[in-house]
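Take a look at the structure set out below.
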Amino acid sequence: MQLHTLTISEAHTLLKKKEISSKELTRAVLDRISAVEKDINAYITITGENALIEAEKADQAIASGNITPLTGIPLSIKDLICTKNIKTTCASKILENFIPPYDATVIKKLKNAGAVITGKVNMDEFAMGSSTENSGFKTTHNPWNLKMIPGGSSGGSAASVAASMCLGSLGSDTGGSIRQPASHCGVVGLKPTYGRVSRFGLIAFASSLDQIGPITSNVTDCAILLNAISGYDPKDSTSVKQNTVDFTKSLKKDLKGIVVGIPRENNELEGIDPEISKKIADAAEIFKSLGATCESVSLPHMKYAVAAYYVVATSEASSNLARFDGVKYGFRDTDKTDLIEMYKSTRSKGFGDEVKRRILLGTYALSAGYYDAYYKKASQIRTLIIQDYKNAFEKCDFLISPVTPSAAFEIGEKNHDPLLMYLSDIFTLSANMAGITGISVPCGFSSENLPIGLQIQGNHFMEEKILNAAYKFEQATDYHTKKPAL
Amino acid sequence: METSKNKITKDKVINVANLSRLDIDNNSLDSFCSHFEKIIEYIDILSKADTDNVEPTFNTISLSNVLRDDILKESVSNKTALLNAPKKEDRCFSVPKIL
């Protein structure tokens, strides 16, 4: 048995029956990392020694009858979620040696559940990008085709799951950064409703848009991980008090009588690959065969979403990233003896070009004389986007759409043109603007054998509904069983 | 919006960089300007949207101030807070002279 290819729920069953130990499982995952990391470049930090200690603790817990669905399960963590005493870099030179003195709330929850952390995975610097090419350290490769990008910004998370270098991962999604790489790597990725999961210890990009969420090899595992990380946290004043839900319980519900909304704008977009449109149309047919009905809906302000998003996200980023000043943590250019010069030099040497570009754009949008035309206007359009979704969800239970306009593109193909890269987020970023939930689930392969994802979006706190839809869709297809040949 | 107001010049980029506490070196100034110009040109699509009488949204969960009782809680120690400081002196972060 190849232990590293197990799903979380399969591994849990074997651990519970004591047919395998967490130590064996963790060793198998670490061996797998050693074997394929040179091709994939998924990990920034591998915490092998620590992982084996955690695995041993998990085995002791299991022996004494204390087992949760995540006890002894090896997981990777996007490198912008703070892990106590483990380097957390945000894939940025400015945080290259930052060792958090505390755990993010989600990490605390995973540790309490007995999970094993195999390491910290690659991403676009400060989560700014759609390809992982903006990492300050290395570019992650798509396990399905090493010439291709894995998507971003949680590219290391998605690639590490697809290449069986962990059993699941936590990513973060500000404009599609969980769903888009999950789609490109043929795995499942869920962006929770804003406020569902604590952001305490998540290094902020755009605070009103960021959410942490799971990336896994199937929908059941996604529900298991979401169970573990959800919930109100007094340390995050934007987290919302919710009733405890077991997301694994609602997966198998019948879809009879469910109404699937299909936004007309899905196909009106310029530049969408017909192969993608075809897969979404096929998905609609699958939902019909499962007893659902499909209805056309409209999201008329989607055409403004990319522009509005990039104003809001960069404005928030310019403010959030002001904290990197070379004083409290991270890199400092010690050559400078003047304070302002020290700030400037530290930030200019520490940040990569895309991060600088977004700080500049955000500062510009917020500066005197431009605020009304950019930030205020974009925030008004945000209201209109929310209204569009509200209208749509009055007619349907959830929406289906592409995750991306095309399958994974080649490394180097778009990174010379930031705007072209921004436009690849068109289908995902509206969910962040509205604060709703969305999931990417595999729905086929391109003619070049690259995975394609289906996006299912649900209203606020409707994760149960979209997980149910994703699970039924997954069970009606076999795309999630395919693995890249590595 | 007037086009002249939104014209991206090198001086404008340098000014915004200064406000952002960033230096853009001469070698990359041209590429920053041209990318910036292209992005702003695209973003100007926003001016076409009718937003009369539309309230802006700054967060999606109707936030109000979250307050807690003023009770002393455990926090990080001075030593821990300084662990990642690039330069420190005694119990403080050290910065270049400002006066």
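The values are calculated or read from the model by the stated rules, or taken from the named source; none is laboratory data. Everything numeric here is computed off the predicted structure, so don't read it as measured data. Glycine also receives a Cβ, built like all others from the backbone with ideal geometry; neighbour counts cover every protein chain displayed.
Structural remarks
- Lone qualifier among A:A392, A:A470, A:A434 - being in contact with a Cys (Cβ under 9 Å, 6 or more places away or on another chain), surrounded by 18 or more Cβ atoms within 10 Å (Cβ to Cβ) and hydrophobic (A, V, I, L, M, F, W, C): A:A470
- Check on A:I439, away from chain B (no Cβ under 14 Å), in contact with a Cys (Cβ under 8 Å, 6 or more places away or on another chain) and either aliphatic (A, V, I, L, M) or surrounded by fewer than 24 Cβ atoms within 10 Å (Cβ to Cβ) (or both): yes
- The condition of being within 13 Å of chain B (Cβ to nearest Cβ) and in contact (Cβ under 8 Å) with a residue 12 or more places away in the chain holds for A:G195.
- If the condition is being at the interface with chain A (Cβ under 7 Å from one of its Cβ atoms), of a type in the set (A, V, I, L, M), under 20 Å from the mean Cα position of the chain (by Cα) and assigned to a helix (DSSP H, G or I), then the range B:22-47 contributes B:I39, B:I43.
- Candidate set: the range A:350-377, residues that are of a type in the set (G, A, S) and more than 7 Å from every other protein chain (Cβ to nearest Cβ); chosen: the one nearest to B:I45 (Cα to Cα): A:A365
- Among the residues listed as B:D11, B:D70, B:D50, the single one being more than 8 Å from chain A (Cβ to nearest Cβ), in a helix (DSSP H, G or I) and at negative phi: B:D11
- Where a residue in the range A:405-420 is closer than 13 Å to A:M148 by Cα and its partner, wherever it lies, is in a loop (DSSP other than H, G, I, E, B) and among the basic types (K, R), with Cβ under 7 Å and at least six apart: A:E410/A:K147; A:I411/A:K147
- Just one residue in the set A:R382, A:R347 is of a type in the set (D, E, K, R), out of contact with any helix residue (DSSP H, G or I) (no Cβ under 7 Å at 6 or more places or on another chain), part of a helix (DSSP H, G or I) and within 7 Å of chain B (Cβ to nearest Cβ); that residue is A:R347.
- Filter pass, A:E265 being within 14 Å of chain B (Cβ to nearest Cβ), modelled with pLDDT under 95 and over 28 Å from A:I229 (Cα atoms): no
- Any chance A:I276 is outside any helix (DSSP H, G or I), away from every other protein chain (no Cβ under 14 Å), surrounded by 14 or more Cβ atoms within 10 Å (Cβ to Cβ) and of a type outside the set (G, A, S): no
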